[in-house]
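Just below is one structure, and these are the notes that go with it.
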Amino acid sequence: MRWLLYLRFFLLTAGTLLPFFWMVVILGHRRQRNFERIFFFLCLALTLFFGCSLLELNATLYYDVPPRGLLRFAWIFLCLGLWFLPALIIHLHDEYANLRGLLDARRSYFQRVLAAYSPVILLSPKLIAVLQPGSVMDFDHPTRILGPLYQVYLVAAMLVGAFWQSRFTKAAPDAEQKSFHLALMLVLACLAVVLPAMFLLSAYGKLPAAGWLAPGLFLLALLPFGLLISNVQRFNFLQIGRQRNLIYAVFGIFIALLYLSFVRRASLWLEPYLPPAASGALLLFLPVVFLEPLQRIVRQSLRKTAQNEVDRAQKLMGPINEKARSGNLGPLRVFAQGWIAEQLQLAEVSIELAGQGPGLTHISVGKSSSEEVFVMARSGNYLGRLRVRGFGSMISGETYAALELIAEQLPAAFDLCRLIEEKLQLERELAERERLALVGQMAASISHNLKNPLGSIKTILQVQMESPELPASLRQELQMVLEEINRLSARLNQLLQFSRPGVRAGSGAQSCELGQVVEIVANVLRHAAEERHIALQFARINGEAVATIGEEAANDILSNVLLNAIEAAPAGGHVCISLQPGERFCTVSVKDDGPGISTADQAKVLQPFFTTKARGTGLGLAIVDRRLQEAGGTLEIHSPVANGRGTEVRLHFRVAAKE
Ligand code: ADP
Ligand code: MG
């Protein structure tokens with residue numbers, strides 16, 4: 001019966017290692033769901049059972065009388081492992097059914113857990129009795145000691161498992177999973193038949209037969225774990241397959257450990273012929289022979305893994321590139337973040353582009369172990385970074401490689417998006433310009449046709465006013481008509497400014513000295529300001545402020561802004577103009593102490609035809625905005641400035657580059 005003993009020995013070792021292997025894999029798994037946790041405890045229970053049996057076997061082989069403490073230790077943990085086994089089997093199947101959506105929704109999670117564990121609780125006095133010091137320890141038939149009720153419970157758990165497996169078989173999405181569940185169902189059904197047979201045999205004292213059955217039983221129990229190893233790879237069962245190198249590593253370590261124990265045992269066998277140290281050394285160096293073929297296998301599989309990852313990353317980039325073609329940077333970023341997180345099962349992904357989005361200046365220091373930052377750069381230029389956070393555990397090597405690849409390819413996608421965005425923007429602007437050009441032509445032709453007769457009327461009136469015979473009453477009225485004509489021609493001017501493009505085609509690069517233009521405009525408007533008793537101040541700077549803008553356009557801009565300020569300031573008020581040169585922009589600020597612009601209106605003042613004045617055209621600031629944009633400048637409006645009053649308009653003009 002020596003070989004039966006060795007068989008038992010082998011099966012118990014395998015039974016300890018296989019579930020233990022799964023425990024290690026689950027601990028390294030990056031995303032543990034309830035299912036994985038329950039599976040972990042099931043493995044723990046089995047490891048305890050097999051491990052303690054192995055310990056007892058070792059002890060009885062080694063010692064004539066095994067130490068009592070050791071046996072008690074093994075007995076307690078063996079019983080504990082067995083005790084929770086049925087409940088865990090039921091719970092695991094229940095949870096998997098839940099994941100598959102096969103569960104009756106009427107029963108709550110709590111009810112289901114209670115159903116699985118209530119026998120454990122009800123039978124617990126028996127367990128306590130079994131664990132008492134001085135109680136019988138029967139390592140060959142522990143279930144007999146745990147009592148017939150426990151035996152019924154264990155068989156029932158197998159039946160429940162078999163029932164669920166048959167349902168999983170029916171619901172399986174493909175043939176491979178179907179055969180996997182079918183195999184599990186058969187194993188559980190066999191166990192449900194063999195177990196009672198063994199219980200009965202051992203109860204009636206037919207021990208030898210039971211002794212034969214036990215190894216068969218162990219083999220059956222281990223089958224599912226072996227099946228799992230082959231299937232985890234094949235259809236990414238449990239989503240563990242992704243962490244292939246984890247499985248390789250754990251597997252390699254186990255093989256190495258087994259080999260070491262084999263070396264020790266073999267050198268004992270060889271002792272009559274060879275000193276143990278020599279045989280040990282020989283056996284330790286033997287694997288070197290296999291290194292070359294092993295390396296080849298590993299290299300091949302690693303290359304395949306790498307290839308798969310590259311393919312996966314390429315597939316990952318597909319939809320992102322597709323989205324980039326819509327030419328919308330913001331949505332592209334949101335989409336890419338969500339997509340990458342979903343595909344690589346990451347808790348959080350954020351893409352930060354240089355010069356965009358918050359938090360770029362301070363790179364977070366206290367980064368946790370599961371957080372990784374990938375820098376996006378091209379030819380040494382920093383373009384942004386990709387920050388990811390995994391679920392709990394570390395990010396696996398494959399995912400890391402995929403992320404590196406993505407970080408390399410993302411800038412191209414964003415560039416594409418930006419280009420398309422710019423193109424769309426240009427097209428939109430062109431269409432807008434064409435529309436405005438049409439309106440403008442009409443406005444220009446009307447105002448031009450009105451301007452000439454208006455000029456003639458004005459001249460005639462001015463001549464008439466000079467005549468001394470003109471009665472005083474008539475003179476006053478004529479003066480009013482003249483003012484109305486002035487106003488009318490100012491409005492026509494604005495309409496003309498608005499309809500006319502600031503930069504005429506073929507006019508080339510233009511520039512002017514802003515200080516001079518401000519002075520000219522201020523002089524023209526000084527009269528209007530004095531009429532309203534408004535002090536116009538201009539703080540001139542030393543030196544030149546040459547901006548890349550035509551003089552006419554600068555004049556349009558400044559006169560409109562200044563006019564608004566003069567119109568807004570109260571009688572006796574102030575309008576201050578200041579000019580500040582800078583490296584890339586020089587700024588003209590126009591400040592008044594008028595009523596200011598409400599926040600709601602600030603959003604609208606740039607729109608053409610928006611006005612709050614009874615006689616306004618609403619075109620002034622629209623002209624300003626357009627002229628500035630054409631010259632690459634920007635404007636800011638601040639209101640109120642002080643004491644809840646006043647407006648400051650800051651005009652930033654582009655500075656001509658020095659040669
Ligand atoms: P308009 O002067 O013909 O009304 P604008 O485009 O020049 O048209 O100005 C639009 C509106 O912006 C004005 O009606 C006014 O309400 C507001 N606004 C512009 N500048 C000032 C200012 N300096 N102070 C207060 N309100 C202003
Ligand atoms: Mg105006």
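Nothing in this text is a laboratory measurement; each read-out follows from the coordinates by a stated rule. These numbers were taken from a predicted model, which means no experiment stands behind them. Because the Cβ atoms are built from the backbone with ideal geometry, glycine has one as well, and the counts that use them run over all protein chains shown.
One table, with the values for the structure above:
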{"read-out": "Angstrom value of the Kirkwood radius, inverse mean 1/r, which spans all Cα pairs in region 432-499", "value": "13.5 Å"}
{"read-out": "Most positive-pole-ward Cα, G550, P581, L217, against dipole of the chain from beta carbon charges", "value": "L217"}
{"read-out": "Cβ-placed point charges (K, R +1; D, E -1), dipole of region 432-499 about Cα centre in debye, nearest 20", "value": "240 debye"}
{"read-out": "Nearest-20 debye value, region 512-654 charge dipole, Cβ charges on Lys, Arg, Asp, Glu", "value": "320 debye"}
{"read-out": "Distance between modelled label sites at Y117 and R299, nm, 7 Å Cα→Cβ extension", "value": "5.3 nm"}
{"read-out": "At least 30 Å along the helix axis (C-alpha) and Kyte average at least -0.5, DSSP helices within the chain", "value": "2-28, 34-62, 68-100, 148-171, 175-203, 207-235, 244-269, 397-466, 472-499"}
{"read-out": "Positive-end extreme of charge dipole, region 432-499 - chosen from L474, P453, Q464 (charges on Cβ)", "value": "P453"}
{"read-out": "Positive dipole terminus of the chain, leading residue within A401, S179, L294 (C-beta point charges)", "value": "S179"}
{"read-out": "Extended-chain gain in nm, criterion 0.36 nm per residue less alpha-carbon gap, E342 and A603", "value": "90.1 nm"}
{"read-out": "Spherically averaged projected area in nm², based on the convex hull that wraps the Cα atoms of region 442-538", "value": "9.1 nm²"}
{"read-out": "Principal axis box of region 264-343, alpha-carbon based, largest edge first, Å", "value": "80, 20, 13"}
{"read-out": "Extension gain (nm, one decimal) between K170 and A278, 0.36 nm per residue minus Cα-Cα", "value": "33.1 nm"}
{"read-out": "Formal net charge of residues neighbouring A554 (Cβ-Cβ distance under 11 Å; K, R +1; D, E -1)", "value": "-3"}
{"read-out": "Extension gain from N523 to F254, taking 0.36 nm per residue of separation minus the Cα-Cα distance", "value": "87.6 nm"}
{"read-out": "Of K170/K315; K170/K304; K423/K591; K458/K591; K323/K604; K591/K613, pairs whose Cα-Cα distance is over 29 Å", "value": "K170/K315; K170/K304; K423/K591; K458/K591; K323/K604"}
{"read-out": "222 nm mean residue ellipticity, helices alone, for the chain (DSSP H n ≥ 4; -39,500 (n - 2.57); rounded to 500)", "value": "-23000 deg cm²/dmol"}
{"read-out": "Unit charges on C-beta of K, R, D, E only; dipole of the chain, Debye", "value": "2740 debye"}
{"read-out": "Computed E for F73/R107 - FRET, C-beta separation, R0 56 angstrom, nearest 0.05", "value": "0.90"}
{"read-out": "Descending Cα extents along the principal axes, the chain, whole Å", "value": "149, 60, 46"}
